[in-house]
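See below for the structure under consideration.
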Amino acid sequence: ELFLTGPLEVGLSDEQARHLLLQEEELPHNKKENTLLNTNDLIVISGGARGVTAEVAVKLAETYQCSLLLLGRSPEPKSEPEWLVSLSDAASIKKAIMESAEEKLRPADLEKQYQSILANREIRTTLARIEQTGAKVEYRSVDVCNSDTVTNTIDLVRTELGNVTGIIHAAGVLADRLIEDKTEEQFNKVYSTKVDGLESLLSATNNDALKLIILFSSTTARLGRKGQIDYAAANEILNKQAALENSNKNKNGKTCKILSVNWGPWDGGMVTPALKKLFADEGVGVIGLKAGAEYLIQEIESDGPVETVVLGESENILHKIPLNNYSVSSAESSDLSLAFERDISVNTHPFLKSHVMNGQAVLPVAVIIEWFAHGALHLNPGMQFQGFDDFRVLKGVTLKLDENIHLRILAGTVINKGDVSLVPVELRSDELLHASAIMILADSYETNVLPQLQAVNEKYKHNQNEYYKNGQLFHGKDLQGITEVTHCDDKGIVANVSAAPQPSIWMTQPIRSSWLTDPLIIDSAFQMMILWSFEERGIASLPTAIASYRQYQRNYPKDNAKIIAVVNEQTDHRATAAIEFLDSKGDLIALIDGYECVRDSSLQAAFKKNKLDKKENV
């Protein structure tokens, strides 16, 4: 990890490394019936009764007519004096303030009183809007960081509005400064509002049967922003706390909807006109107040990951990016049992003679993927193989000419995640772990998924099939799947490839008579990335990990396919790419997201030794 350019955040447990992935997802178009909350619920919301929090509170009241307790820093609302009631514009209000003052006001004091009047009016308006929905509401001026005050306030309100069933922690402040200019006091103010505020709310509701916990995090936690080191740290703690609360609360049949939303900038609240202009210059859209509030209701009523990232686009269209939640805990993945086993050699699996490096046969990653799919389905008949996440090669399987290796495919107990089922799988020989993944099964395939990758435009400059002869590709006759490389430039590579023959042609006693994937087409994608690597840096590459694979058709075509690989990032030692597999009609067969390969100049010498070493004389 130190010497590879990888993700900023990595989790290490047992023999596996994990990192978070952002995956784009559209918001649901069909409205579901709102059933999680009702009139008997009391939701405590930190962040006050103005701006973003106000719009969320009103939307909750409109949707559920639940009772609300709003906690904010502003003083509790009060009636206005007669001289102020009829005034609305800034000039007349400020003039009236000066006329009613007992002594001459400094400009700063005048502005402070004016802003206090605006805040008071906004809070009163919010409370009136909520009451018009038929919901009950209370506002209390509280320092959310003071645990005792928060607890006492909530205890007092319980006598009137009932027990707390949900909390929404939306409080936050900013003090943007570069690290060298930020004071400890500024850091603590930003940090404690988020972190200590959440601790206060959780402590005050420790004995309540909560069915909703919503935390307002920020894209700053996930993506970073200059001058906001304190805000980034605090919001990332909210993200991790949400995951922890989800693990602790949703046990033994208990259910509590827990969500940490990494919001992009809203059109209100802490986003000033100057900040909005900065976001616009960066190409970042703001989230409309009503659009954001409506989205939150959709999220409350839907199944999904604990942590999501939500960005605004033009015309306040929301763009939801849930963090890939198809991961399993160490406890869930530790209890694996034998799905099937195989003794492999170059005689029983002759295709291995076409996949030789450094004088030894190497089990292709594409075949491991195929066997993992079989292993996941072994104890789950009737389901469909939909893909996998977090595929990792930990130690390649290599064989000498006369060697036989006993391999075991292990599969875990199925783990249900909404509409899909997850099955942890491993490939082992003796006690050596070679590869692992989380396979995804479902009742049916996703439909109407369209290709997204933009094909590269520059024509491939070299002769076709030259790459199988000049040492760039080590693949023998059985695995020479690329029929034509059509395009290649620094952004990616495009090629037409052939389908694999029946499994019985490649091996004796195949697991099934037909493929679940197509190992030749998939391996051809990896070969294309080798050619791309040679074209860009003059060095070879090999696959090491695949973050995500999704299959959208039950079977690959029996003749050919088109592959588009688009490179996301590259260094001298590593590259990542997205890869689409298309049929002759241009329909999407499958998609790889987060393909990762290692690039090393020493691989070329190993590629050229693509004939099995002869048996040694004894």
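The values are calculated or read from the model by the stated rules, or taken from the named source; none is laboratory data. These figures come from a predicted structure and were not determined experimentally. In this analysis, Cβ positions are derived from the backbone assuming ideal geometry, glycine residues included, and neighbour counts consider all displayed protein chains. For the accessible areas, the whole protein counts, side chains as well, though only heavy atoms, and no ligand, DNA or RNA atoms are used. Shrake-Rupley method; radii C 1.70, N 1.55, O 1.52, S 1.80 Å.
Axis of helix 229-249 versus longest Cα principal axis of the chain: the two differ by about 80°, to the nearest ten degrees. For the chain, a simple Cβ point-charge model (Lys and Arg +1, Asp and Glu -1, everything else neutral) yields a dipole of about 800 debye relative to the Cα centre.
What do you get for trypsin sites (Lys or Arg not before Pro) in the range 16-101 restricted to DSSP loop and a cutoff of at most 13 other Cβ within 10 Å of the site's Cβ? Working shown, then result.
Details: sites: Arg18, Lys31, Lys32, Arg50, Lys59, Arg73, Lys78, Lys94, Lys95; in loops: Lys31, Lys32, Arg50, Arg73, Lys78.
Loop-located and lightly packed - Lys31, Lys32, Lys78.
Helical runs (DSSP H, four residues minimum) scored at -39500 (n - 2.57) apiece and divided by the length of the chain put the mean residue ellipticity at 222 nm at -9500 deg cm²/dmol. Per-residue surface analysis assigns Glu431 an accessible area of about 150 Å², computed on protein heavy atoms at 1.4 Å probe radius. Calculate what fraction, in whole %, of the accessible area of the range 1-130 sits on carbon and sulfur atoms when a 1.4 Å probe is rolled over the protein chains. The nonpolar share, carbon plus sulfur, comes to 51 percent. For helix 519-537, what angle does its Cα long axis make with the longest principal axis of the chain, in degrees from 0 to 90 and rounded to 10? Rounded to the nearest ten degrees, it is 80.
A 1.4 Å probe, protein heavy atoms only, puts the accessible area of Asp176 near 60 Å². Relative to the dominant Cα principal axis of the chain, helix 51-64 is inclined by about 80°.
Among the trypsin sites (Lys or Arg not before Pro) in the range 440-519, those placed in a DSSP loop whose Cβ has at most 14 other Cβ atoms within 10 Å are Lys461, Lys469, Arg512. Rounded to the nearest whole angstrom, the semi-axes of the ellipsoid equivalent to the chain, taken from the Cα gyration tensor as √(5λ), stand at 57, 26, 21, largest first. Taking the dipole about the Cα centre of the chain, with the C-beta of Lys and Arg at +1 and of Asp and Glu at -1, give me whichever of Val425, Gly312, Phe372 is farthest to the positive side. So the residue furthest toward the plus end is Phe372. Of the GluC sites (Glu not before Pro) in the range 1-108, the ones in a loop by DSSP (not H, G, I, E or B) with at most 14 other beta carbons within 10 Å are Glu1, Glu9, Glu15, Glu24, Glu26, Glu33, Glu102, Glu103.
Here the relative contact order of the chain, from alpha carbon pairs under 8 Å that lie six or more residues apart, stands at 11 percent.
Amide H to amide H, with H built 1.01 Å from N, His487 comes under 5 Å of Tyr460, Val494, counting only residues 5 or more places away or on other chains.
Counting only protein heavy atoms, what percent of the accessible surface of the range 462-555 is carbon or sulfur at a 1.4 Å probe? Present the calculation step by step, with values, prior to reporting the outcome.
Working: 1520 of 3490 Å².
Ligands and nucleic acids excluded, carbon and sulfur reach 44 percent.
Ligands, DNA and RNA are left out, and with a 1.4 angstrom probe the accessible area of the chain is 49 Å² per residue. A Cβ-based charge dipole, computed about the Cα centre of the range 392-460 with Lys and Arg at +1 and Asp and Glu at -1, lands at about 160 debye.
Quick check on the chain: of the DSSP beta bridges with both residues there, what percent are antiparallel, nearest 5%?
Details: 92 of 122 bridges.
The antiparallel fraction comes to roughly 75 percent.
To the nearest 10, the accessible area of Thr413 is 90 Å² with a 1.4 Å probe.
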